[in-house]
1. How large is Rg/Rh for the range 84-144, to two decimals, with Cα atoms and a Kirkwood Rh?
2. In nm, to one decimal, how far is the modelled label at His185 from the one at Val272, with both set 7 Å along Cα→Cβ?
3. Evaluate the charge dipole of the range 211-345 about its Cα centre and quote only its size in Debye, nearest 20, assuming +1 on the Cβ of each Lys and Arg and -1 on the Cβ of each Asp and Glu.
4. When the Cα centres of the range 197-226 and the range 11-33 are compared, how far apart do they sit, in Å?
5. Restricting to the chain, compute how many DSSP beta bridges are antiparallel as a %, nearest 5.
6. Can you tell me, using C-alpha contacts under 8 Å and at least 6 residues apart, the relative contact order of the range 130-269 as a whole percent?
7. Checking the a/c ratio against 1.5 first, then a/b against b/c, what shape does the Cα gyration tensor give for the range 33-134?
8. Go ahead and estimate [θ] at 222 nm for the chain from helices alone: -39,500 (n - 2.57) per DSSP H run with n ≥ 4, summed, over the residue count, rounded to 500.
Amino acid sequence: QARECTVDRSGADEVRVAVIGAGVAGLTCARALARADVRVTVFERARGLGGRLGTRRLRNLAFDHGAQFVTARSRPFIKYVEVATRSGVLMPWRPRILEDDRSWDAPIEEWHVGVPGMSAAMRPMSRAVELQTGVGVHELLQGQRGWELQTDSGRQNRLFDAVAVAVPAPQALSLLGPHGRAFRHLADVRMAPCWAAMMTFDEPIDVGAEVRRWTQGPLTWAACDSSKPQRPAGPQAWVVHASVPWSRDHLEADGPEVARLLLHAFATATGVNLPPPAHLQAHRWRHAFVEQPLGLPCLVDEEIAAGACGDWCIAPRVEAAFESGRTLAHSLLSMVGRSSPAALR
């Protein structure tokens, strides 16, 4: 299909694509594009990579405050997990699990965690692409010669043949909504928030298992980050996730107050008289979970060479974000006249 946007590259046979967002979907898309000899620039408003596959670092402390682990079911993602494991950025994690009143000695499905933090799992994805972290994209500008980006530092002095938007659906709608009717379907996606509390204890606590999960009440998850492989030595570190209803009820609450409430909820749910934490902090994930997915692997508009991807397209799993980014890359390559690498076919 003919495209309306063709960048003037002064005779150079070069294709440029901008990827907005350096989470799992964005980096997967960027990596696949780069492997097809596309010049890729990734823009990420945060300072680090990984999106919700993130690690919060504070001096000698580290917390996986978003996604806690990854599982692999599809052949492409299994292959990536194998590559990342050989690279030393992923390792198996086999914690004891206590869910309500049921106990397991190890996960039913094999869990893998990033080393030395979850964000490291994306390190192989960031090779061969230009990364601009700490740069938020506020507007996409479509012209006859290509796409321009309006960022924190002003308009980017470059043109792109295509854009891939790999951010939560509400943010993707804001960027892409003005440019194509196909993107109106982004409004059908529902995402849910999650408050996370990060806490450390100078003396190790015992709550019956390294992972606690609940199906009712204010909490859904608590994990001893210190039990994961190759974590920093020091105080015992825990991450606690609030349930979606609780997070919605406290969405605009003050962070320190939320942290205190979740500490109390953790003590109540485990029945343990917890000592005062040495460190206590909360983080709000406004778009943490997918409640109503798009139902397609990605969303594209071939006429304007733009698309969106994310776990919200398929399901609330890291592997879904990987598959969505991979599929969008395949679609964009056909639009800009590049052949897909064999791994994408």
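1. Details: Rg = 18.9 Å, Rh = 15.2 Å.
Checking Rg against Rh, the ratio lands at 1.24.
2. If labels sit at His185 and Val272, their model points lie 4.6 nm apart.
3. Working: 12 positive and 12 negative charges, 113 e Å.
Dipole of the range 211-345, to the nearest 20 debye: 540 debye.
4. 38
5. On the way: 47 of 67 bridges.
The answer is about 70 percent antiparallel.
6. In percent, rounded to a whole number, it is 17.
7. Working: a/c = 2.58, a/b = 1.52, b/c = 1.70.
Oblate, because a/c is 1.5 or more while a/b does not exceed b/c.
8. Values: 6 runs with 71 residues, N = 345.
That comes out to -6500 deg cm²/dmol.
The values are calculated or read from the model by the stated rules, or taken from the named source; none is laboratory data. Because the structure is a prediction, the values reported are computed rather than measured. Backbone-built Cβ (ideal geometry, glycine too); neighbour counts: all protein chains shown. Ligands, DNA and RNA are excluded from the accessible area calculation, which covers all protein heavy atoms including side chains. Shrake-Rupley method; radii C 1.70, N 1.55, O 1.52, S 1.80 Å.
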